[in-house]
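Report on one structure; see the data block that follows.
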Amino acid sequence: MSPPDPQQLKIWLAAVARKDADAFRSLYDATSSKLFGFALRILIKREAAEEALQEAFVSVWNNAASYQASLAAPMTWMTTIVRNKAFDMLRRVDHTVELDADTFDKDVMDAMESSDLTPLAALQLSQESTALASCLSRLEGLHRQAVAMAFYHDMSHSEVAEHMKLPIGTVKTWIRRGLERLRVCLNKLEGA
């Protein structure tokens with residue numbers, strides 16, 4: 001199954017912003033199976049994944065007008081909504097769960113838009129991404145978030161600073177130190 005055409009998704013999202021039910025149905029039909037698979041990967045239980053997907057599509061319907069193509073591809077935007085709903089469900093079930101949504105495995109996010117591989121193959125994690133995820137998890141939470149926003153979301157230092165409500169100098173230092181720690185960590189894992 002090939003991924004939905006991003007241009008068509010943008011057209012449908014613009015129509016959904018105007019509360020076009022037919023466009024919403026088309027958007028749902030084109031994306032729900034991939035988004036359900038993503039929710040299922042996080043939540044494991046089918047019923048929970050179905051609930052997260054339903055909540056996510058309600059959010060898409062209510063927030064389509066806030067979608068900005070310059071910030072994210074349509075599938076990335078919708079995947080982020082599904083991810084957040086799934087994480088919210090996990091937190092409701094277990095209040096001790098701590099999730100850093102900004103550093104969720106990039107391979108999973110990339111797989112949502114990949115046309116190169118089958119969904120199963122696309123979701124297989126490589127050794128490099130597993131090592132990177134391991135090293136990222138060792139960074140302090142806010143430092144990890146700053147690095148993730150800069151690289152996973154392609155945000156500038158000033159955009160990260162504005163989003164995190166921190167001085168730009170602090171953000172630049174955190175990102176620089178975070179990248180250095182990642183480099184050291186990855187080198188150690190490579191040498192092991």
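Please get the size of the charge dipole for the range 1-62, origin at its Cα centre, with Cβ charges of +1 on Lys and Arg and -1 on Asp and Glu, quoted in debye to the nearest 20.
140
Quick one: Karplus J couplings for the range 76-88, per residue in order, coefficients 6.51, -1.76, 1.60, θ = phi - 60°, nearest Hz, x for Gly and Pro?
My calculation for the range 76-88 gives 5, 4, 5, 5, 4, 5, 4, 4, 5, 5, 5, 5, 4 Hz in order.
Report the charge-dipole magnitude of the range 133-184 in Debye, nearest 20, computed about the Cα centre from +1 at each Lys and Arg Cβ and -1 at each Asp and Glu Cβ.
260
Read the figures in this text as sums done on the coordinates, not as results from a lab. What you see is a predicted model; the values in this text were computed from it and never measured. Glycine gets a Cβ as well: all are built from the backbone with ideal geometry, and neighbour counts include every protein chain shown.
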